[in-house]
Structure formats: structure tokens, C-alpha cells
1. I'd like the Karplus ³J(HN,Hα) series for region B:558-565: coefficients 6.51, -1.76, 1.60, θ = phi - 60°, whole numbers in Hz, and an x wherever there's a Gly or Pro.
2. Rounded to the nearest 0.05, what FRET efficiency is calculated for B:VAL453 and B:VAL334 with R0 set to 60 Å and r the Cβ-Cβ distance?
3. Evaluate peptide C:93-102: per residue, the Cβ atoms of other protein chains within 10 Å of its Cβ; return the mean as an integer.
4. Per residue of C:57-69, what is the mean number of Cβ atoms on other protein chains within 10 angstrom of that residue's Cβ?
5. In degrees, nearest 10, range 0 to 90: what is the angle between the Cα axis of helix A:123-132 and the longest Cα principal axis of chain A?
6. If each of A:VAL173 and C:LYS129 carries a label point 7 Å out from its Cα toward its Cβ, how far apart are those two points in nm?
7. Near B:LYS585, which lysines are there with a Cα under 22 Å away, not counting those fewer than 8 places off in the same chain?
8. So how far apart, in nm, are the two label points at B:ALA565 and C:GLU100 if each is 7 Å from Cα heading toward Cβ?
Amino acid sequence: MTAATEEPPIRRGVPLWVQIIIWIGLLGLLVLVGITLNKREQGTVQPGDVIPDFTLPLFSGYEYAGQSGIKLSDLSGRVVVLNFWASWCKPCEQEAAELQEAWKYYEPTGQVVFLGADYVDTEPEARVYLQKYGITFPNGPDMGTRISQLFRIQGVPETYFIDKTGVLRYVQVGPFSSLEQIQAQIDLLLSE
Amino acid sequence: MFAEFGYGVLVVTFVLALYSVGASIYGYFNKSAALIESARRSMLLTFPLLTLAAGVLIALLVRGDFQVQFVYEVTSKSMPTYLKVTAWWGGQSGSLLFWSWLMSAFASAVMLRKWNRDQEFLPWVIVVTGVTVAFFLLLNILFENPFARLFQTIDGNIAAYTFAPANSTPLVPADGRGLNPLLRHPGMVIHPPMLYLGFVSFIIPFAFAIAALVTGRTDDRWIRVTRRWTLWAWLFLSFGLVLGGRWAYDVLGWGGYWGWDPVEIAAFMPWLTGTAFLHSVMIQEKRGMLKQWNMVLIILTYALVIFGTFLTRSGVLSSVHAFAQSAIGPSFFVFIGVTFVVSIGLLIYRWADLRAEAEMKSMLSREALFLLNNLLFMSVLVVCFWGVIFPLISELFTGQKVTVGPPFYERANSPLFAGLMLLMAIAPLSAWGHSTVKTLGRAIWKPAIAALVITAITFFTYTRNWIALIGFFLVALTVLVTLYEFWRGARARQHLQDENFFTALARLTGRNRRRYGGYVIHISMMLMAIGILGIELFQSQTQGTLQVNESLELQGYKLVYKDIASWDDGNANVNHTRAVMEVYKNDQWLAELHPRTDYYFDSQQNMTLPGVRSTLGDDVYIILVDWEPASAIGATFKIYVNPLVNWLWIGSLAFLFGVIIAAWPDKDPEREMVRAGQRSRQNSAAD
Amino acid sequence: MKTQLHFTFFVLLIVLAGVLVAPVLAQGQPPTDDDVNAVARQLYCPVCENTPLDVCPTQACAQWRDLIRSMLAEGKNEAEIKQYFVDNYGARVLNEPPREGLNWLVYIVPPLVILVGAVILVRTLRTWKKPQVVPQVESPRAEAPVDDYVARLEEEVRKKN
């Protein structure tokens, strides 16, 4: 036990400035974790959101209008179908043919643009995949995963339908089951 | 029906836990002993009830009732029974129930102790444990129901529901998905339970600390009551961590035992503060100091436990260890927020009452060195915490995701661990209250010289790596100093009591279990340090593709590829691919090893099991990386030579031994007095 | 004189040619698995969670290791390969945050906090250390270790009872 003292010990609480630091620190931690949790719970970008502008660099041979990069803002007035895929992604192969067919169907109208964003992939394997399915629509690597982070994709394949005014209208998580499914969405957006 | 019964038991237990909390609070403020007793009994009931619920779940798992979604997700027909039982903690909802069950076990055990001297603590211990049990049960009841069953509704949707929705038919899959192959290993059987035991048991010291703060009984009582709990909690946590490392080494096939993965670190952080607490609590007992700091440490330990659990289960951290995204995130977030705010608020409120006379005569006294020990542990904690949190900060402020990996942690923590090793060598020689450089110097110079000699020998025979040499020096110094303490004490006893040396040693340890148990633990940590130094600094690896009878060479070993075979094990739904490698050194045959890969058809996942030859000197560790049956390319092997790694496992066994010594109940002096009083009363009554 | 100069020049030329040719010759050897792993070990799989690239078993990771192999064969060094991965897949493929911008905080904050903790500790110890005459007699431990130690031991045991 402690020895008896001559005078009573000074009973001080925690100094105010220390308390302020502690509470601010705790609040900061909770806010940080809370916001991160919220982000994780959010899932992908949802229909109704305006998509900020982004630039997709394109593989050589897969250019659009002769340009080696494409900006979303350049495509305003057209329906944009953005498809995230990867060569190592097995489910992506299930929809590859249908996507190309849909592109062939809509390309002549000039009103619809299909974009392929290659997610975390290697170019040689990507080219093998594109050739295998005869894909011709503009395709390029999602450098630094910036675009996929923008859309908060949860995996591949995912396809985002953006209308003529740059607003997201439909999200397809996973491969399409049929060509008609793709066409239905595009026709809806074209008719507006 | 059966599953619904299990769910009902969960709900009843939840209500009971809430009742205990309410009755305790009401009973405390209205001074009603009867209400508090009622609260204690209902808290006691939670354990048998949860055992019942757990029993139902285990029965469903073993029976293979695949309509229950959890059973479908973690078991399959081909799994052996013991694995089906351990699948209880193989998924989020089951492991939450496991957690609640363990917590109620500890809560109930604490309810059973004699409360006569601690009446005022009881209501608040009930409140803390009751709120926590209720919260985890709430997660099961509302968000992750292990008893939810699969139904198909009229429009073709398949989902899991607690109760059968209208117009739906039960969906009973023919077979389950099966447990993740990585978890189908004896290590999986024991690592999570041990880890959860460690985490969960820290709630008891925390509950007593909160009770002490609330009631204002800020003297030593809460520490004395919970001392043994804390030691066992720390043992379980330590063992859980070591077993995780062993499992990673045996099964995950990357030749290592610790990856500085955020989830590993989340489990490591409470261990750091727990160890700091075990030491600084001794200062409070011996010198009455540091009451405030000990409160901070125990609250911090528990806070880190639940914070770590939250990070792992909510999906905030991405990791191979983490559970999949879950709906429990938001409510768990509220729970930890409330816990932190209440704990810190109480601590600040009572801060002044915790102040005690503090006096430090010497900067080298044992108290000062223990404080330095605390500073070092807290420093490691700061490094780890920052490394875990920073990616979240980076993502929030810059949108860029970064990884904080092993180089950061190793670089920052190595000097801190070295400092701790040095302290382990010096502190036993330092006295409570007073020590000077001279006294310490006199005590340490002999072991120091011996350690230098050992290091010099190591320098000439084993390695020139200066980091390793410093490490080995510190290991040798600590072991020598600690053994010297044993020797000195035993010799002293020998002289005094006229016993032979070994009796003296045994009695010495027996009468001073905490100190000498602690010394054994320190020695075991040094053995583990030898293993860690060996594998971290001297691991070598090579990879190559071989045809049959070709070989790879590494560190003097020659590994010859002899054969390979692939076959299906129909029963277990597994395809085994097993290679035969022969190990030679200096043209002498040493062993035949069988690295293999198992492919599980139900979960479509691979498991690589290394072939390992273990000696005290090193491990030869072979992984079969790749083999295409139809191709002529050959098989690809990766070979690791891990020097000294088995000292890590030897050290952990010694650690277990040390904790048993330290935690073995002494004759409680207070109980002795009571018994002596009773005996004398009986004697006088018999007159 | 002139012959010597010509000769020296000629030798230099040969040496220079050798130096230029050597890397090409070295390149002739394909990178071994160990070379690939040495680089892959410092990278994390861009897709899987917290898995180093040299141990990751997925097909995608095998592709990335092949990519490293081909880049090594082209003569790229480790730093260039790492930079390529960062450009393509983001900074999280590195096993440490790159030292730029906000990331400096990773490296600076812990030492700062530890320093603050050490300062607090020292100041607290000083507050507790009552100014007191250091006892002249040093603790007789070392001189008569056995007897004094025994006395302390017995005292402790007595205290416990």
C-alpha cells in the first residue's frame, strides 16, 4: 500500500486540452471508419447518378473515330454502353459474343457507342481474348483502375448503360443472358 | 421446425440478457438485492440456452440439413463429421453464434463466483456482459441468422428466410457447397476457437474495470479479482496467434507464418496492450502506482478486440481472412462507437479518483524499466494501428488505394522488438524501487561476456549478418540472465533449506509462480525469437520446372524429382496430385517428401500442401506449383529452406509450459485466512 | 608513338564493343523463375486481397508473372517493372505506399508519435522522481549475493503469507 503523505494529493481531472484532443481523435477515427463502411456498403454507382467525365485510353487497332483515347463528355448525345471485362474472367466469356452482336447491330446508327474497359489485365492476353470473340468495339485498359473505382464495380463483368445526357440508367452485374436483354435496354434509352 | 426452434432459443436468450441488464440497473439504483440476484440468475441462464441453440446448429450441420442456408454454405456430404462440427465457425453467422456462446460461458462462469466481497461490482459486470451478449445475439437475430432456411417464392426468387414466406416452397439442395478447403485442416479446428477464447475472455477484466469506474471503487480490488482471467485470456490469445502462424505455414503454402495482413494485425494489437498490461499491473500491485494507466490499458485492450472484430467482419478491411460483405456493419459500428464513448467518458470522469502517490527513486528501477516496456509495446501498437488505418485515410482523402505491407512493419518494429529483448535481459536484474548503473552493471557483466562469446562463435561459424548477430546476442543475453536468476534463487534456497538443487528449483518456482513462470515465458519468447530471426533473415528460395529425375539445388540441398501421380478420391470429392521428391545433402539421402495439391470439386478451389523435412537446423519446404498432366513441360516446384524455424514452435510449447506455471493457482492468502478462521471456530465449537 | 595511340584506341574500342554487347549476350539467357519471383515478391496481386504476387495461385497472377518475365527478358529493371505495374493497376500493387504526397504521413507519423510518447514518459518519470540523496551504500546484492538474495526471497515469501 502507499505510504501516508503529509498533504492530500492534488486531485486533478484530465486537463481540458487533453480531453479535447482525445474526443477529437476518437471522433476522427469513428468518422473515418464510418465513411469507409458507408462506401463499402454503397455498392456500385446507381441509376440516376450523373457520371463524371473520364478518359479511357484505347488499344491500338481499337480506336474510336481515329482517336487513341475517348472521353465520356465527347459522347454526349449518344447512348454509351460501358462494359468492364478481363481476359482471366470466365463469366465474361459468356457474354462476349452477344456484346459484339449488339455492337454490330447498333454501330450503323451512330447513336450508340460500346466501350470495353479492360480491368486489371495484361495486353497480350487481352488481345487474344478480343480476337477470339471477334470484338471490334472500342476497347482499352482501365489504367490504374481509375475508371472501375469511379463506378465502384464489385467485380467483372459489369455493364453500365449511360443515356444521352450522361446519366446512368441501368447496371448489369454479371454476364448478360441474351442479346435481347442488351437490345431492350438500348432501345429504351434510344427512344428518349 | 428444428431450425425455427434454434432461432427461438436465440430470441429468448436475447430477451433474457436484456432483462439482466435492466434488472441490474434498476436494482442498483433502487438498492434491491433481490432484483440484482434475479439479474445474476438470468445471466447465468444464457449459457445453457446458448448451448442448446449451438447444439441445434451442430445437429443441423452434422445431419446435413441443406435447406438451412448456413449448412448449405459450409458443409457438404463428403466432409468428415469432425469437420462438419468445426464448420460451425466456418462462416459469418455460425462464428457469430460461436462468439456469443463463448461470451455467455465466461459471463456465466463469472456469475458463479462468490460475490460477497464485491457486491457493488456485480450489477455493472452484469450490465457490461449482458449488453455485449445481447448485441452479438442481435446480430444473429436480425442480420445473420444461422438458422435461416432457403425458400423459393412464387416468382422464382430463391433466398433465405427466418420464417417461411407466404406462397413459397422449401428449397433443399442436394448437396452443400462445402467448407473452403483452406479451412479443412486440424489447424482450422483449433486456431479460431483459441483466438476467440482469447478475445472474448478479455471482456471479464473489462467488465470489472468498468464496474470499478462506475462504482468509484477504484482501488486494486478489480485487478486482483481479474488477474487470473487476464492471464488466461492472454494465454489463449497468444496461442491463437501462434496456431494461426503454424496453420499458415503448414497449409497456405507460401513458406511463411505471418504476412502482416491487416486482419492478423487486428488480432495482434490487443495482444500488445494485453502484454503491456500484464507487466504494468505488477507495478500497481507492488508500488500502488499507475492505476490510471492500467485502466487505460485494459479498456484499450478490449476496445482493440471489438474494433478488430468489427474491421474483420464488416468488410471495411479487405483481406483473405475477412468475411464477405455483411449487413452487420452499421450496427456493429454503432456498438463500438457507444463502447468507446462510454469507456472514455467514464475514464475521464473518474480520472482524479484513480490518482495515487507515485514515487520513482531511480530511472533504472524495475518500475522504470516496466514503464519503458510499456512504451515499447505501445510504440509497436502505434506502428501497427497506423499501418492498418492509413489505407483507409488514403482512400478517403485521395481516392487512391494503397497497401501497407511487410517492409513497413518490419522496418519499424524490428528496433522496437530488439529494445524489448534488451529489457527482458535487464529487468530481472533490476530491483523494485532502486537500481543504479553500477548494481546493474555488476549483475549483468558476466552474462554479457558469455553472450558476447556465444555471438562471436556464431559470427565465425554461422553468419556475418549484423542484424542476426545483434538478435542472437540479445537472445543469448536474455536466456543467460534468466537462467542465472533461476540458478541463483535455487542455490540460495539450497543453502538455506538444505535441499538438493532440483528440489530447491522446484520449490522456488512453486512458491513464486508468477515470477518464475514469467521467466520461463521470457525464455520461450527467446526461443521463438531464434526461429523468427532464422526464417526472416536467412530464408532462401528457388523455383524451377523439372522433368523426372532432374533436380533443383538450394543451400547445399539437392532435391530430385522422382515421380508424380494424380487421382480422384471419390469419397471426399477431391483430386489429389502428389509428387515424390528426394532430398539429398552432400550426396547423402535424407528424406522423401510428398508435396501435393488437392483440388476440391464442390468449392472449385485448390489447396497446396507442402512436403517438409524438419530439423532443428532448418526446414526444407517444397511446394508443387504447377503440373499439367497432358503436357511434356514437367512439374514446377518451389523450394524454401527456412533455417531455425522449428525453434518458433518449440518456443511456443515452452510458452504454454510457462503460462501454466505462472497461472497455476497459488493458495489464495485471503482464502487461507478464512479457512484458518473457520478451522479455529470449528475447534472452539467442538470444545 | 602513333602506333601506341592507335593500339590503345583499338583496345578501347574492343572493350567498348564488349561492354555494349555483353548485356545483349546476358539477355540471351531467359529470366529464371527466381528472377521473376524476386520482383513478384515485392508486388501484390491487383485482384486478390493482400496476396503477394509470387505466391498467388490464380491464373491472372500467373499471367502477371509471365508479364514480369517478358519485361525482364526485354532488359527492364525492377524499378521500371514496378512503375509499369503502378501505372496500370494503381499504387496498391506495391507492398509499401510510394513516398509521395499524403503517403509521407505513413512514414512520418509513427516515429513522431513514439517520440511524443517517450517525452511524456520521461517527463512523468521526472515528476515522480523526488529529489533525494542517493544512498551511499550501494545495494549489497553483488557482493554477498546469496545471503542478501535469500533474505529478500524469504521476505517475499513471508509477505505473501
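Just so you know, all these numbers are worked out from the coordinates, no wet-lab data involved. Quantities reported herein were computed from a predicted structural model and do not represent experimental measurements. FYI the Cβ positions are ideal-geometry reconstructions off the backbone, even for glycines, and counts take in every protein chain you see.
1. Values, residue by residue: 10, 10, 9, 7, 9, 7, 8, 8 Hz.
2. Numbers: r = 60 Å, r/R0 = 0.99.
Computed FRET efficiency for B:VAL453 and B:VAL334: 0.50.
3. Working: counts 6, 5, 7, 10, 11, 2, 0, 0, 4, 7.
The per-residue average across the peptide is 5.
4. Values: counts 10, 2, 5, 8, 1, 3, 8, 5, 0, 3, 5, 0, 0.
Across the residues of C:57-69, the mean count of other-chain Cβ atoms within 10 Å is 4.
5. The helix A:123-132 is inclined about 40 degrees to chain A.
6. 6.2
7. B:LYS585 reaches B:LYS558, B:LYS562, B:LYS638.
8. Label-label distance for B:ALA565 and C:GLU100, simple model: 5.6 nm.
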